[in-house]
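Note sheet for the following structure.
The values are calculated or read from the model by the stated rules, or taken from the named source; none is laboratory data. Keep in mind the model is a prediction, meaning the values are calculated, not measured. FYI the Cβ positions are ideal-geometry reconstructions off the backbone, even for glycines, and counts take in every protein chain you see.
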There are 2 protein chains.
Amino acid sequence: MRGVIMHSPGEVRVQDRDDPQIVEPTDAIIKVTAACVCGSDLWPYRGAQDVEDQPMGHEYVGVVEQVGDSVTTVKPGDFVVGSFMTSDGTCEICQAGYQSRCVDTTPMGGIGTQAQLARIPQADGTLVATPEHPDEDLIPSLLAASDVLGTGWFAADAAAAGPGKTVAVVGDGAVGLMGILAAQQMGAERIIAMSRHESRQKLAREFGATDIVTERGDDGVAKIKELTGGLGAHSVIEAVGTQEAMLQAIKSTRPGGHVGFVGVSHGVELPGDLLFGSTVHLHGGPAPVRRYLPELIQLILDRKIEPGKVFDKRLPLEEAAEAYRLMDQREAIKVLLEV
Amino acid sequence: MRGVIMHSPGEVRVQDRDDPQIVEPTDAIIKVTAACVCGSDLWPYRGAQDVEDQPMGHEYVGVVEQVGDSVTTVKPGDFVVGSFMTSDGTCEICQAGYQSRCVDTTPMGGIGTQAQLARIPQADGTLVATPEHPDEDLIPSLLAASDVLGTGWFAADAAAAGPGKTVAVVGDGAVGLMGILAAQQMGAERIIAMSRHESRQKLAREFGATDIVTERGDDGVAKIKELTGGLGAHSVIEAVGTQEAMLQAIKSTRPGGHVGFVGVSHGVELPGDLLFGSTVHLHGGPAPVRRYLPELIQLILDRKIEPGKVFDKRLPLEEAAEAYRLMDQREAIKVLLEV
């Protein structure tokens, strides 16, 4: 099969890889219909994270080709959506809704779904089959559910977005934009997108943003305070992962408010006294996307949300290197790879 | 009147101070019945925080002597309990239950309640009067409600202690012990006290601890994991404020679990990747004690809880210096000052 390998920072190639095989009786093999490049794939691409001959990709939708002997909930031919972390669905942590931290999880990023085929461990606890094969135009939205939508949804949930709430969103990448969509679905009264880029501001408004703040750092915090009677937002989504973004998020939140942070943390050190003094709720980490998948898939199939709009570019798998380049240069928000 | 002044680290004196006066129409003056020394008073005492000629004390119960013209909920003669942070009770932050972060708050530590009299700003939103003067033997428990009990209660609440939960408590000072009492009242199934001191272990068990762990740091974390099927506790209370204690708390919590932290943060820097990877809920800060006071006072008056047991020493106000020494040397858990 053909698949993406990142050989070193910036060095992405599509090449022949061995076809995956069933290893455990709980595995499934899927034929990938579509995959994409994640913001977190850019950390190694930019050299901010070590990388050497790494299969890439952890977002995917596809059709089941083959299942192991003990798999019961999906069968060959099913169209499936899964999360970027596999989960057994049965352990105490999964049962509590934290499938991304399942006691027996495998990060799909280690397997690489930017490929024609992918092995999905713990298929029963990881994959969700759609009732029938979805219409072609729903593929991008279902693919978004696999990570960015699920992650933005978790962030909005962790930030306790809901009716009567003012939600601020730090980060105008795909996850931040999905956080806006999620906050709107959860009934937030006001959604403030922090963005400097016109194309992203436009999409933010489409997804439900009511206000745009272009200032960053402490100036951004001051603007959020100004918009919220000096108190700060009730709910703040952090979707970047840098020190500046985390501090901006915490400082923009009112006492007793909630910060949902999902930007993969790079070089962040939170001063204890700031956190203590802020009196906010802080919750985040790798999103337990699987918890939300059934609900998100239904919203998409019912055409109530269209998260697929976050893909502003499509390329065939063979042009994955260009997909990385476009996202690295911020020439694209998110690129879908047709497999 | 007589009152405590900390002139410099370690230098505590009881001396003549001007009687407080009504400054704002929302003020009350109370005759302090009992005050005490807080763990947080030991930070400046030990030189870990700057201090110069500072009136001390922020915990108090007493009898109202005088009220400003606009005070309506308490009157001269009332026995009252108040929090260490004043609150107007009417702002959005107070209404959301975060009275310690009221938009118009005054820290009582700046006024100093280790004294015969104290001015209480925002009396209506700060003080809670008991229906009648309480029995003498309830005074220590009501005094505890003013800070350590309310703080331990908030920590247990922030840690989402409740039925079916395993709660671990980092810190065996007065607040940690009150966290144990709170977790027990909230119905926790198992309460693990982390303590090396026999007298504190004994009190921990009296307040509801079911297990004692004497290991600290990563050894303590390993022990908590061992006691919880490798997963970690559902709820962890942090009642110290140091880097070691915060990391111990976060690492002892299972994915999706809750850390309630109330130790005043000193020198803490939380690594973002640890926090991200932990997937815990983190909430804490200066406890909104006022939120809990009516419930706590009722539990005490009904003799359902006896938090006053945390005072293992009583001294007259004039011997405040000795009270500080005893607590600094950990010869006493908490000292009540009779005024």
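For segment A:178-199, a residue qualifies if it is surrounded by fewer than 24 Cβ atoms within 10 Å (Cβ to Cβ) and under 13 Å from A:I333 (Cβ atoms), and the qualifying residues are A:H197, A:E198, A:S199.
Restricting segment A:105-121 to residues that are small (G, A, S) and under 17 Å from the mean Cα position of the chain (by Cα), the residue that is farthest from A:V335 (Cα to Cα) is A:G110.
Selection over segment A:150-179 of residues that are in contact (Cβ under 8 Å) with a residue 60 or more places away in the chain and not in a loop (DSSP other than H, G, I, E, B) gives a count of 20. If you check B:V63, B:V74 for being over 29 Å from B:A323 (Cα atoms) and at pLDDT 95 or above, only one passes: B:V74.
The condition (being free of Cβ contacts under 8 Å to residues at least 12 places away in the same chain and assigned to a helix (DSSP H, G or I)) is satisfied by just one residue among B:A245, B:A222: B:A222. Scanning segment A:141-149 turns up no residue that is in a loop (DSSP other than H, G, I, E, B) and surrounded by fewer than 24 Cβ atoms within 10 Å (Cβ to Cβ).
Taking the condition farther than 17 Å from A:L296 by Cβ and outside any strand (DSSP E or B), does A:R196 pass? Criteria met by A:R196. Residue-level check: of (1) surrounded by fewer than 16 Cβ atoms within 10 Å (Cβ to Cβ); (2) not in a helix (DSSP H, G or I), B:K202 misses just (2). Counted as qualifying within segment B:248-315 are the strands (runs of 3 or more DSSP E) with 1 or more residues that are at positive phi and either away from every other protein chain (no Cβ under 14 Å) or without any contact (Cβ under 8 Å) to a residue 60 or more places away in the chain (or both), namely B:253-261. Taken over segment A:22-44, the criterion of being in a strand (DSSP E or B), closer than 13 Å to A:R119 by Cα and of a type outside the set (V, I, T) is satisfied by A:A28, A:K31.
Taking every residue in segment A:97-119 that is away from every other protein chain (no Cβ under 14 Å) and pairing it with any residue that is small (G, A, S) and in a helix (DSSP H, G or I), at least 6 positions away or on another chain, the pairs with Cβ-Cβ distances below 7 Å are A:Q114/A:A320. Checked against (1) farther than 16 Å from A:V103 by Cα; (2) surrounded by fewer than 24 Cβ atoms within 10 Å (Cβ to Cβ); (3) more than 12 Å from every other protein chain (Cβ to nearest Cβ); (4) not basic (K, R), B:E226 passes all but condition (1). The sole residue among B:V240, B:V236 that is touching a helix residue (DSSP H, G or I) at 6+ places or on another chain (Cβ under 9 Å), over 11 Å from B:M194 (Cα atoms) and surrounded by 24 or more Cβ atoms within 10 Å (Cβ to Cβ) is B:V240. On the stretch given as segment B:283-305, residues that are under 15 Å from the mean Cα position of the chain (by Cα) and farther than 17 Å from B:Y60 by Cα total 2. The residues in segment B:307-320 that are surrounded by fewer than 22 Cβ atoms within 10 Å (Cβ to Cβ) and either in contact with a Ser or Thr (Cβ under 6 Å, 6 or more places away or on another chain) or under 18 Å from B:A155 (Cα atoms) (or both) can be counted, and the count is 1.
Of A:G57, A:G89, A:G62, all but one fail to be under 23 Å from A:L301 (Cα atoms) and small (G, A, S); the exception is A:G62.
Residues that are β-branched (V, I, T) and within 18 Å of A:D69 (Cβ to Cβ) were ranked within segment A:81-127; the one that is surrounded by the most Cβ atoms within 10 Å (Cβ to Cβ) is A:T126.
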